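A.B. asks: Starting off with a structure, shown below.
The values are calculated or read from the model by the stated rules, or taken from the named source; none is laboratory data. Predicted, not measured: the structure shown is a model, and the values here were computed from it. Quick reminder, even Gly has a Cβ in these numbers, built from the backbone with ideal geometry, and neighbours come from all protein chains shown. All accessible areas refer to the heavy atoms of the entire protein, side chains included, with ligands and DNA or RNA removed. Shrake-Rupley method; radii C 1.70, N 1.55, O 1.52, S 1.80 Å.
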Amino acid sequence: MINFDVIVIGGGHAGCEAAAASARLGANTLLITHKIETIGEMSCNPAIGGLGKGHLVREIDALDGIMGRVADASGVQFRMLNKRKGPAVRGPRCQSDRKLYREEMQKILTNYPNLIIRQAAVDDLWIKGGDQPSVSGVITDTGEKISAARVILTTGTFLRGMIHIGDERIPAGRKSIANEIEQPAIGLSATLEKFGFNLQRLKTGTPARLNGKTIDWSVCTEQPGDQPPVPFSFMTKTIKVRQINCHITHTNEKTHDIIRKNLHKSSMYSGHIEGAGPRYCPSIEDKVVRFSDKTSHQIFLEPEGLDTDTIYPNGISTSLPVDVQEAYIRSIVGLENVEIMQPGYAIEYDFVNPQQLLATLETKKLPGLYLAGQINGTTGYEEAAAQGLMAGINAARASAGCDPFLLDRADAYIGVMIDDLVTKGTDEPYRMFTSRAEYRLKLRADNADQRLTELGIGIGLVGKDRALRFNEKISKLRLFGKILDDLKISPNEAAKYGLKINQDGVKRSAKILLSYPNIEFEQITNIWPNLREVPTEIIEQLVVDSTYSGYLERQEADIVAFRKDENLILSTSLNYNLIGGLSNEVKEKLSKAMPTTLGAAARISGVTPAALTTLLRYVKRKDKKAVA
Amino acid sequence: MTIFALSSGKGRAGIGVIRVSGPQTKNAVFALTKKNISLNPREMTLNWFYDPDTNEKLDRGMVVFFPGPCSFTGEDVAEFHIHGGYAVVGGVMEALSKLPNLRSAEAGEFTRRAFDNDKMDLTAVEGLADLINAETQSQKKQALRQMDGELGDIYKSWRHQLITAMAYLEVSIDFSEEEVPDDVTSRVTPIIKKLKGDITKHLADGHRGERLRHGLQVVILGAPNAGKSTLLNFLSQRDVAIVSDIAGTTRDILEVHLDLSGFPVSIVDTAGLRLTGDEIEIEGIRRAEQRARDADLKIVIIDVLEPSVPDKLALNHLGDNTLVLLNKCDLLANANHSLAPGASIGCWDVSLKDGLGMAPFMEALKAQVENRMELTETPSLTRTRHRASLRSAEGHLDRFMSAEHAEIELLSEDLRLAARDLGKITGDVDVEDILEKIFTEFCIGK
Ligand SMILES: Cc1cc2nc3c(=O)[nH]c(=O)nc-3n(C[C@H](O)[C@H](O)[C@H](O)COP(=O)(O)OP(=O)(O)OC[C@H]3O[C@@H](n4cnc5c(N)ncnc54)[C@H](O)[C@@H]3O)c2cc1C
């Protein structure tokens, strides 16, 4: 029997990134998934990125992950969201060709060094050790045992998955593109429960798919993409895929009437579904009920690919019966004669309360078992992929006997997400928003490489090509950044070039001038014509980097204080009930969350500064990653 | 940042020690003594202390300087040893809070600095735990009391305004693809303008509200005409409540602020507890019950001449923070001690009208006050802390209003920082609060 270092279960977005990261670090990795041909499948909307989510993709890419490159190779429409707002809140997004995405993902993974892929259904974990159980492999539904000391579960919506359409209920992990039922994972849920994991239910939904040939496009508003498209990956120079348009239409009073009349037939409203759904992604039933004064809701008609007629109508997910779906969809302008290719549905599934995880995404209960993706209560491909990446890295590093690799809230959105999950848990599907990041001005999509690639190179996670390109870029940024720092001009002198600055006699560098919102690079080149030779992308980056300089300097002090607390480690075997001087409420909260650092303890609501002082007695300093 | 706090724990007459730690320590000493006195390490010197703004003399006392790293926190530390009276301690604290880069310490902050500089004796922390716990409990109570009143309503409305403003900004950032208003700044600006105005006004208000609410709360309870108002008059030694023989004179709450063994105490006289149909009186009784629940100490008065009146309503309030007075004992030949109830701190036979038997009761009351106040933070500290947070929040809102930058993410950053400051007073503003507001207000769901 071959012995693997790391086994990844599930070929979704978390699983793909986990398997690739583990293999990149040199671990002997096996990816097991139900079907090879569904690897990289997008269960819902074929779109990648957005606000917060696009940031995650850039960060994954900065650590040499695959999602960004796959999106670039399959994107049929790219848009930079919030283009007109500042760089910190711009988020790249693309509409992908579902098939191209899957194929590109499969192509990359099947040729990945150190990675073996197998098609099988995993039914159980193979556990060793009675009193102190730990993982030693997996057991498939044919009873085969495959050994590995580290297993990453990325089973998405498959754990005891249950599809709802009207009052119909079908046990399933999801529906395939061909409208076939994919089998749920039942055995694994039972195993997790057996080892004391707390499983809860969540719900999400998807709209019907439409035949584009039967849509009257002439009455819909066209929505073009950006020209030229801005890629996700720092490695992609240009997008080669043909670009197409999306369209927008709206629901109307008639649509809402039909929905209102049939509300009792919706699985959501008839009480069939117990799990909580996402507040930011309500079904059309929810929208009509909760915002009854709105007479119309916008629908994005998004093509699922270049050589398919399937259209994804974004904004009308539902769990109404098929005939009602047909009726309300056909009441919408442009969709009067539409053919429904696949009805919408809601799905309910088990997730593991992520407070049961360490920041490495290893479970506290079962050493060697890692969880990533929707199984942790998140939703979205990007959230899943980012967790997969971190679980893959940490499982591989653990098997090589290395320390954990962690990102904190001041490093990356990845750090924000994982910290939110493991310290606070979640009771609705967790999605990334930029407002979750307190260091939002620092954590930008444009500087993900500057924030993370070097860390990745440090642990051997980043391939040669990227490392080379990154180092080139950085040395250029340093070189030209220094030049901009050194070029100085007095306000008096600057005024001669038409620059409006405070006449306070203080000389300013070219870099500082660039950080003023009312000064353009062009004007500065009038003073120093040589600057015209600096490569455009370098100048652009330097301008963005200086946009927030004032705020960022102030934020640095916050970050230092924050990191101080992050470096004070609390043992996860601490018995809070035995600590004097903590109120019962605080004891309960700490026992539930089992925070791993003093900083994490501070972020649990209700934990007072006084309680934190008490905890100082029990912390250990982390020596690495010394803080200034 | 340089921090300061009262470290002697007691607000009682005798000596109060205010400790300062951080890089500005020397300057703080110079500022309060108004001279560049030579600071020999660990040497006490006698000085006058002044308010740096008004030059008002605050107190005459000792100051001692411990240069870092050989100090309790590892930083430069100074201790002001002053007269421990409440007003003096409060005055010196206020004076320190006016200095640049000085602020009052957060709970546990001295210990934290000592820890960060490897100065902390870990065994010492164990004893700290109990103290800190008691401190939190009493702070919580203080905070609750504030949140209950008028001040609480103000704070709640500030928090609400801020969340609304932040929700508008964040929705236009995170959900710009959705059908949400795009003129957010014009919606948010009036909210922030009002909020800022409110805070400025509050800061200029001479902190009237706060002064009323600080101190230990002692509530007097009892049936109508049992002698509550007489006790209040006895304690305050002037006629504050109308004392008459007609039951139900004190319909509302009467409050007197006293200095009891050097501690600020609020004595609250309440409407007589009885079953009644009078609506105004019912309201008065409801308020009395409310104040009783929040009180630190309760004094229940029972009229021994009226044993037939089952003083059930008053007896409901007995507990480990209750002192019981059996009034009008002089008029009863042999005091009927069967009335003496079980669960309480103690029970005293008195005659309030002529002050008979009051001495032992006063002893007990003072002991209770001292006991409780020793663990309570001085109100002036809470107050300086609040004011500092409010001032800082005001600064961030100022920056927002001046809006030299129109970038929405910077406006949002200003509000986030303001929320962090205000949150210390009004309760944290979490991203979840903002998201909740967004999802109830806007139909998000692409
Ligand atoms: C109906 C529906 C609606 C959704 N709506 C939205 C939405 O509106 N917005 C949004 O952001 N996200 C939505 N999503 C979520 C998005 O699809 C997921 O968040 C994302 O795909 C999760 O990635 P994952 O890697 O965790 O799991 P998945 O992509 O679900 O992948 C799980 C993989 O594991 C395999 N697997 C499972 N169990 C086993 C087993 N026992 N043995 C072997 N292989 C196994 C499966 O075959 C599959 O390949 C929706 C998902 C569904 C199903």
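A.B. asks: From the residues B:438, A:394, B:347, which one has its Cα farthest along the dipole of the protein assembly as shown in the positive direction, the dipole being from +1 and -1 charges on Cβ of Lys/Arg and Asp/Glu about the Cα centre?
C.D. replies: A:394
A.B. asks: Something else now. What pairs in A:254/B:156; A:442/B:196; A:213/A:287; B:201/B:298; A:587/A:622; A:592/A:620 have C-alpha atoms more than 30 Å from each other?
C.D. replies: Cα-Cα > 30 Å for A:254/B:156; B:201/B:298; rest within.
A.B. asks: Next up: Can you work out the accessible area per residue across region A:464-565, with the rest of the protein chains kept in place, probe 1.4 Å, in square angstrom?
C.D. replies: 59
A.B. asks: What is the distance in Å between the Cα centroid of region A:176-194 and that of region A:77-115?
C.D. replies: The two parts, judged by their Cα centres, are 27 Å apart.
A.B. asks: If you average 1/r over all unlike Cα pairs in region B:2-105 and invert the result, what Kirkwood radius do you get in angstrom?
C.D. replies: The answer is 13.2 Å.
A.B. asks: Not counting ligands, DNA or RNA, and with a 1.4 Å probe, what is residue A:289's accessible surface area in Å² rounded to the nearest 10?
C.D. replies: Approximately 60 Å² for this residue.
A.B. asks: While we're looking at this one, here's another question. Where a Cα-Cα gap under 20 Å defines reach, which aspartates and glutamates qualify for residue B:26, not counting those fewer than 8 residues away within the same chain?
C.D. replies: B:43, B:51, B:53, B:59, B:75, B:76, B:79, B:94, B:109
A.B. asks: Further, regarding this structure: In whole angstrom, how far apart do the alpha carbon centroids of region A:484-506 and region A:340-369 sit?
C.D. replies: Value for the Cα centre distance between the two parts: 57 Å.
A.B. asks: Taking beta carbons within 10 Å but only from partner chains, what does the mean come to for residues A:602-615?
C.D. replies: Details: counts 0, 1, 0, 4, 1, 0, 8, 9, 15, 6, 6, 15, 11, 3.
Averaged over the peptide's residues, the number is 6.
A.B. asks: Need the full-extension length gain, residue A:584 to residue A:84, defined as separation in residues times 0.36 nm minus the C-alpha distance. One decimal, nm. Mind showing how you got there, number by number?
C.D. replies: Values: separation 500, 0.36 × 500 = 180.00 nm, distance 4.96 nm.
Here the answer is 175.0 nm.
A.B. asks: Treating cross-link reach as a plain straight distance, find the lysines whose alpha-carbon is under 16 Å from the alpha-carbon of residue A:107, omitting any fewer than eight places away in the same chain.
C.D. replies: Here the lysines satisfying the reach criterion relative to residue A:107 are A:35, A:99.
A.B. asks: Calculate the mean, over all residues of peptide A:578-584, of how many other protein chain Cβ atoms lie within 10 angstrom of the residue's Cβ.
C.D. replies: Average per residue, whole number: 4.
A.B. asks: Over region A:46-198, what lengths in whole Å, largest first, do the semi-axes of the equivalent ellipsoid take, defined as the square roots of 5 times the eigenvalues of the alpha-carbon gyration tensor?
C.D. replies: 34, 21, 17
A.B. asks: Along the positive direction of the dipole of region A:57-136 (beta-carbon charges: Lys, Arg +1; Asp, Glu -1; about the Cα centre), which of A:117, A:77, A:129 reaches farthest?
C.D. replies: Selected residue: A:77.
A.B. asks: Show that you can apply the helix-only estimate: for chain A, add -39,500 (n - 2.57) for every DSSP H stretch of four or more residues, divide by all residues, and state [θ] at 222 nm to the nearest 500.
C.D. replies: Dividing the helical sum by the residues of chain A leaves -10000 deg cm²/dmol.
A.B. asks: Divide, for chain A, the radius of gyration over alpha carbons by 2.2 N^0.38 Å, where N is the residue count. Spell out each step's value before the answer.
C.D. replies: Numbers: Rg = 25.8 Å, N = 628, 2.2 N^0.38 = 25.4 Å.
So chain A has a normalised radius of gyration of 1.02.
A.B. asks: Say each of residue A:500 and residue A:573 gets a label point 7 Å from the Cα, pointing the same way as Cα to Cβ; how far apart are those two points in nm?
C.D. replies: 6.7
A.B. asks: I'd like the interface area for chains B and A: accessible area of each alone minus the complex, both sides summed, 1.4 Å probe, protein heavy atoms only. What is it in Å² to the nearest 100?
C.D. replies: Rounded to the nearest hundred, the buried surface is 4700 Å².
A.B. asks: Any lysines with Cα under 18 Å of the residue A:145 Cα? List them, leaving off those in the same chain fewer than 8 positions away.
C.D. replies: A:128
A.B. asks: Right, next: When the convex hull of the C-alpha atoms of region A:568-627 is computed, what volume per residue in Å³ does it have?
C.D. replies: Details: hull volume 4.8 nm³, N = 60.
So the per-residue hull volume is 81 Å³.
A.B. asks: State the three equivalent ellipsoid semi-axes of the protein assembly as shown, derived from the C-alpha gyration tensor as the square roots of 5 times its eigenvalues, in descending order and whole Å. Walk me through the intermediate numbers first.
C.D. replies: Working: eigenvalues 684, 280, 185 Å².
Values for the protein assembly as shown, descending: 58, 37, 30 Å.
A.B. asks: Moving on to the next point. Taking every DSSP beta bridge that has both residues in the protein assembly as shown, what percent is antiparallel when rounded to the nearest 5?
C.D. replies: 65
A.B. asks: With a cut-off of 8 Å between alpha carbons and a minimum separation of six or more residues, what is the relative contact order of chain A in percent?
C.D. replies: Relative contact order for chain A comes out at 17 percent.
A.B. asks: Any idea how far the Cα center of region A:252-269 sits from the one of region A:125-166, in Å?
C.D. replies: Spelled out, the Cα-based centre of one part sits 40 Å from the other.
A.B. asks: Further question on the same structure: Hey, got the average number of other protein chain Cβ atoms within 10 angstrom for residues in B:410-416?
C.D. replies: 4
A.B. asks: Ordering A:482, A:145 by how much accessible area each has at a 1.4 Å probe, largest first, what is the list?
C.D. replies: The ordering from most to least exposed comes out as A:482, A:145.
A.B. asks: Quote the Stokes-Einstein diffusion coefficient, in whole µm² s⁻¹, for region A:470-591, based on the Kirkwood radius over alpha carbon pairs, a temperature of 25 °C and a viscosity of 0.890 mPa s.
C.D. replies: 135
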